[in-house]
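I have a structure I would like to understand better, so I am pasting it below and will then ask my questions one at a time.
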Amino acid sequence: MNVFKALRLIQGERAPEPQLVDMTDDDLDPGDVTVAIDYSTVNYKDGLAITGLGKIVRRFPMVPGIDFAGTVITSSHQGLQPGDRVVLNGFDAGVTHHGGFAQRARVPGDWLVKLPPSLSTRQAAAIGTAGFAAMLCVLALERGGLKPGEVLVTGAAGGVGSIAVALLARLGWRVSASTGRPAESDYLRELGAKEIVERASLSAPATAALGAPRWDGAVDTVGSHTLVNVLAQTRYGGTVAACGLAQGMDLPGSMAPFILRGVTLAGIDTVNAPVPLRVEAWQRLATDLDGALLERMVSVVGLAEAAPRAAQVLRGVVRGRTLVDVNA
């Protein structure tokens, strides 16, 4: 019987309690594909799950981790076979189905995407759900008919923001990066940002329904007042791709940007995105993201360090992407 390490959450009195445990294949959830996991990552949603602040986990005990990358061990899925390198983002992983903070997972094959040949499992995990979201945002801007011009990325020093900055800069956009951490300005410029925007200039309640138009498009990872201000300062016919809620889930604004400037607000969903869109996004990530810049964003922790890092991600003090090396 195969024994492997996992970080498992049990229900505590006030919050989930993480435990480093041994599991066996008998403990895995149903699925037609078993994967030997190389890496998972710590995303904002993982922070909400592990701390219990977001009520993400729907059953206990639960292995958290909304994404992972690894190699197929066994498969009865017609599109996958042993040896295939795969990545998973979203669906019910880490919510109702054991996720990526383990050395093995058994999942439905329809949740998995084969990796493009040029991407390693380390790179795929470093990209993870955050990078997948960033690429979906880029695709949303392109499908809005936008050509490279002025673009804003909020929460730019975080996981989604870092990859969005790097992608957009490489594709020819002039990127303005919004952050509340001035110390990360040099880092953001290394990723390709041309201008640093102080977070406070966007995070306060809007004083007018429309502001001076500044950007052709935007990637917003923050929500709430920040998203309202971004919309109000988007140029006529622009698109804003919204994929996060670090400031809040509310949208306390007006209809003015939509009916007076024809601005499009494009919602980005990484959980249930259809397979063809997932494949397109990963193919684009393989060609459009600079591998050296990706590595510049990465820090690595082991399973034992994943829970403390998740809490740090929620506090907004972690730069870029955190890989979880499940075999460390």
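When the Karplus curve 6.51 cos²θ - 1.76 cosθ + 1.60 is applied with θ = phi - 60°, which whole-Hz ³J(HN,Hα) does each residue of region 167-183 get, with x for Gly and Pro?
Karplus values, whole Hz, x for Gly and Pro: 4, 5, 4, 5, 7, x, 7, 8, 9, 9, 10, 9, 8, x, 10, x, 5.
Let me ask you something else. Name the long-range amide H neighbours of residue 105: under 5 Å, sequence gap of 5 or more, or other chain; modelled H, no Pro or chain starts.
35, 37
Using a 1.4 angstrom probe and counting only protein chains, how large is the accessible area of residue 5 in Å², to 10?
90
Same structure, new question: Obtain the nm distance between the two label points defined at residue 287 and residue 96 by a simple spin-label model: each point lies 7 Å from its Cα along the Cα-to-C-beta direction.
Taking the simple label geometry, residue 287 and residue 96 are separated by 3.7 nm.
Related question: Once neighbouring chains are kept in place and the probe is 1.4 Å, which whole percent of the accessible area of region 130-251 is contributed by carbon and sulfur? Write out the running numbers ahead of the final one.
Numbers: 2310 of 4420 Å².
After summing per-atom areas, the C and S share lands at 52 percent.
Step through the residues of region 90-97 one at a time and calculate ³J(HN,Hα) from phi using the Karplus curve (6.51 cos²θ - 1.76 cosθ + 1.60, θ = phi - 60°), rounding each to whole Hz and writing x for Gly and Pro.
x, 6, 9, 4, x, 10, 10, 9
Along the positive direction of the dipole of region 247-328 (beta-carbon charges: Lys, Arg +1; Asp, Glu -1; about the Cα centre), which of 263, 291, 320 reaches farthest?
Farthest along the dipole direction, towards plus: 263.
Which of these, 203, 40, 178, has the largest mean-square fluctuation under a Gaussian network model of the chain (Cα springs below 10 Å)?
203
Binning at 5 Å from 0, report for region 191-233 what percent of all alpha-carbon pair distances ends up in each bin.
6, 21, 33, 27, 10, 3, 1
With the crude spin-label approximation of a point 7 Å out along Cα→Cβ, what separation in nm comes out for residue 53 versus residue 251?
Distance between label points: 2.4 nm.
Let me ask something else about it. With N denoting the number of residues in region 1-72, provide Rg(C-alpha) divided by 2.2 N^0.38 Å, to two decimal places.
1.14
Turning to a different aspect of this structure: If you take the C-alpha gyration tensor of region 205-328, multiply each eigenvalue by 5 and take the square root, what semi-axes do you get, largest first, in whole Å? Let's see the in-between values first.
Details: eigenvalues 209, 73, 35 Å².
Computed over region 205-328, the values are 32, 19, 13 Å.
Sticking with this one: Any chance you could run the full-extension gain for residue 11 through residue 74? It's 0.36 nm times the residue separation minus the Cα-Cα distance, nm to one decimal. Spell out each step's value before the answer.
Details: separation 63, 0.36 × 63 = 22.68 nm, distance 3.12 nm.
Result: 19.6 nm gained on full extension.
List the residues whose amide H sits under 5 Å from the amide H of residue 197, counting only those 5 or more places along or on another chain, with H placed 1.01 Å from N in the peptide plane.
Residues meeting the criterion, in which the H sits 1.01 Å from N, are 177, 178, 179.
Determine one quarter of the surface area of the Cα convex hull of the chain, which equals its mean projected area, and express it in nm² to one decimal. It would help to have the intermediate numbers written out before the result.
Working: hull surface 63.4 nm².
So the mean shadow area of the Cα hull is 15.9 nm².
How big is the antiparallel share of DSSP beta bridges in the chain, given as a percent to the nearest 5? Don't jump to the answer; show the numbers that get you there.
Working: 33 of 60 bridges.
The antiparallel fraction comes to roughly 55 percent.
Can I ask one more? Simple spin-label model, 7 Å along Cα-to-Cβ: residue 280 to residue 200 in nm?
Each label point lies 7 Å from its Cα, and together they span 4.2 nm.
Suppose we take every Cα in region 104-210 and form the convex hull; what volume per residue is that in Å³?
Numbers: hull volume 18.4 nm³, N = 107.
Taking only Cα atoms, region 104-210 has a hull volume of 172 Å³ per residue.
While we're on this one: Could you give each residue of region 47-62 its phi-based ³J(HN,Hα) in whole Hz, using Karplus coefficients 6.51, -1.76, 1.60 with θ = phi - 60°, and x for Gly or Pro?
My calculation for region 47-62 gives x, 4, 5, 6, 7, x, 6, x, 6, 6, 6, 9, 8, 10, x, 9 Hz in order.
The values are calculated or read from the model by the stated rules, or taken from the named source; none is laboratory data. Predicted model only: the values in this text are computed from it and were never measured. For neighbour counting, all protein chains shown are included, and Cβ atoms are generated from backbone atoms with ideal geometry for every residue, glycine included. When the accessible area is computed, the model is the full protein with side chains, heavy atoms only, and any ligands, DNA or RNA have been set aside. Shrake-Rupley method; radii C 1.70, N 1.55, O 1.52, S 1.80 Å.
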